[in-house]
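J.: Let me begin by handing over the structure; questions about it come next.
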Amino acid sequence: MSMKLLITGAAGFIGTNFLQYLKNKKWPIDQIMCIDNLSTGRDMAIHHETLFYKNDIRDRAMMDQKFAAFKPTHCLHLAGLVSIYDCNTNPQEAFDNNVIGSINIIENCIKHNTRLIAAETSAVYEGVPLTDDGYNEYQSCPETIYAITKAAVANLIHSAARHKGLKYNLLRFFNVAGYLQDYRRTVPSLHCGFIIRIIQDKPVVVFGDETKRRDFIHVDDVCDFLFEKCMLTNGWCNETYNLGTGESWSLAEIKDLIYKTFDKNPIQPIYLPAINAEAHTIFADIDKALATGWTPKKGMKEIVEDTYHYLQNEIKLGNIAADYMDDIEQKYLSVKI
């Protein structure tokens, strides 16, 4: 089957890794178009083998034109405002990016019979207690602004599938980690925040307490599912999949593993208040994803090692300041979220 792939948010963490994944497989796709406004993404992610446009998905006329000209068979929709902190501090921007922008994508996918592969999030599970079976796709109780926007988009996609024939895959990513993860956010991802501070022999910053638990999945395992189950087959369609490992790690366990793996002396952390409405414990029920024949292959050891070596190189290149996160307390506590 001839495949033409449009990727939104292509210069972001998952988009960048997926492009590299496809390149390693010698581009088994006929054409790839990348769209990213580069507000947070990196132009280093853009390969010359792709068509790249610095555009914003909120520009309806532009998106209509790009879809009409390119006629993608598949659209991997990764664009949006993904920081819980940033969404909480600017709800209007969050809804504009995540909901209005996604409507432009959804409507064009319907019009051009494009299969939509869209990123959802485990954050929609906030506030729901764990059961013996773990979370399933129906136990959704979003609390943060970020989670509410993603749940709204999921509902729009479900409606479009029922009433307008949209074909989709909704991927409920748990905590994706690994090579090229963005360390530049005000509140960075856990591994970036911990590892950079540990490399610099400074105390890590903990939001809330160290008993908080998350399900972390290596970005390579996410790429496997995207390609093998969402692009290479017509099956597994119009479904929502949890993409995690089914295991949870506490902040303390990850911190201790980093110190131990790289033979660093532990330092007492800096503790700041928890992010408002953020869940304490989340892990994935991945039985549905496993039923497709996919299975996660990399664990926390690989996540820590890949992220560490990437960030260590960024520090050597001078891309990460020596005072990284030193002012986080002032920035974080200056806004009530």
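J.: Being under 27 Å from residue 280 (Cβ atoms), among the basic types (Lys, Arg), at pLDDT 95 or above and crowded, with 17+ Cβ neighbours inside 10 Å narrows it down to one residue among 214, 197, 172; which is it? Don't jump to the end; show me each part of the working.
T.: Values: 214 fails: at pLDDT 95 or above; 172 fails: at pLDDT 95 or above.
197 is the lone residue from the list that is under 27 Å from residue 280 (Cβ atoms), among the basic types (Lys, Arg), at pLDDT 95 or above and crowded, with 17+ Cβ neighbours inside 10 Å.
J.: Within region 58-89, count every residue that is within 18 Å of residue 124 (Cα to Cα) and among the hydrophobic types (A, V, I, L, M, F, W, C).
T.: Residues meeting the conditions: 6.
Conditions tested, residue by residue: (1) more than 30 Å from residue 106 (Cα to Cα); (2) of a type in the set (Lys, Arg); (3) surrounded by 16 or more Cβ atoms within 10 Å (Cβ to Cβ).
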residue: 264; (1), (2), (3): yes, yes, no
residue: 271; (1), (2), (3): yes, no, no
residue: 287; (1), (2), (3): no, no, no
residue: 306; (1), (2), (3): yes, no, yes
residue: 330; (1), (2), (3): yes, no, no
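J.: Here's a follow-up. Of all helices (runs of 4 or more DSSP H) completely enclosed by region 54-110, which ones contain at least 2 residues that are under 15 Å from the mean Cα position of the chain (by Cα) and surrounded by fewer than 23 Cβ atoms within 10 Å (Cβ to Cβ)? If you could, list the steps in order and put the result at the bottom.
T.: Values: elements: 60-70, 84-89, 91-95.
Ranges flagged: 84-89.
J.: How many residues does region 111-122 contain that are modelled with pLDDT of 95 or more and either surrounded by fewer than 18 Cβ atoms within 10 Å (Cβ to Cβ) or in a strand (DSSP E or B) (or both)?
T.: If we filter region 111-122 for residues that are modelled with pLDDT of 95 or more, which is where we start, we get 111-118.
Applying the additional criterion that residues be either surrounded by fewer than 18 Cβ atoms within 10 Å (Cβ to Cβ) or in a strand (DSSP E or B) (or both) yields 111-113, 115-118.
Summing the residues that are modelled with pLDDT of 95 or more and either surrounded by fewer than 18 Cβ atoms within 10 Å (Cβ to Cβ) or in a strand (DSSP E or B) (or both) in region 111-122 gives 7.
J.: Do we have any residue at all in region 195-206 that's under 19 Å from residue 252 (Cα atoms), of a type outside the set (S, T, N, Q), part of a strand (DSSP E or B) and within 13 Å of the chain's Cα centre (by Cα)?
T.: Let us first name the residues in region 195-206 that are under 19 Å from residue 252 (Cα atoms), namely 195-206.
Keeping just the survivors that are of a type outside the set (S, T, N, Q) gives 195-199, 201-206.
Subset that is part of a strand (DSSP E or B): 205-206.
With within 13 Å of the chain's Cα centre (by Cα) added as a condition, the list becomes none.
So far as region 195-206 goes, no, none of its residues is under 19 Å from residue 252 (Cα atoms), of a type outside the set (S, T, N, Q), part of a strand (DSSP E or B) and within 13 Å of the chain's Cα centre (by Cα).
J.: Residue 277 - would you say it is crowded, with 16+ Cβ neighbours inside 10 Å and either within 18 Å of the chain's Cα centre (by Cα) or among the charged types (D, E, K, R) (or both)? Before you say what the answer is, go through the steps one by one.
T.: Details: crowded, with 16+ Cβ neighbours inside 10 Å: yes; either within 18 Å of the chain's Cα centre (by Cα) or among the charged types (D, E, K, R) (or both): no.
When the stated conditions are applied, residue 277 does not pass them.
J.: Taking helices (runs of 4 or more DSSP H) that fall entirely within region 257-335, which contain at least 2 residues that are of a type in the set (Asp, Glu)?
T.: Values: elements: 287-290, 300-316, 328-333.
Hits in region 257-335: 300-316.
J.: Go through region 143-166 residue by residue and tally those that are of a type in the set (S, T, N, Q) and touching a helix residue (DSSP H, G or I) at 6+ places or on another chain (Cβ under 6 Å). Give the derivation first.
T.: Here is the first cut: in region 143-166, the ones of a type in the set (S, T, N, Q) are 144, 149, 155, 159.
From what is left, the residues that are touching a helix residue (DSSP H, G or I) at 6+ places or on another chain (Cβ under 6 Å) are 144, 149.
Total satisfying the criteria: 2.
J.: Would you please list the contacts, defined by Cβ atoms under 6 Å and residues six or more apart or on different chains, that run from a residue in region 39-56 that is within 18 Å of residue 97 (Cα to Cα) and of a type in the set (Ser, Thr, Tyr) to a residue that is modelled with pLDDT of 85 or more and crowded, with 18+ Cβ neighbours inside 10 Å?
T.: Here the result reads 53/35, each pair linking region 39-56 to a residue that is modelled with pLDDT of 85 or more and crowded, with 18+ Cβ neighbours inside 10 Å.
The values are calculated or read from the model by the stated rules, or taken from the named source; none is laboratory data. Everything quoted here is computed from the prediction, not taken from an experiment. Virtual Cβ from ideal backbone geometry, glycine too; neighbours counted across all protein chains shown.
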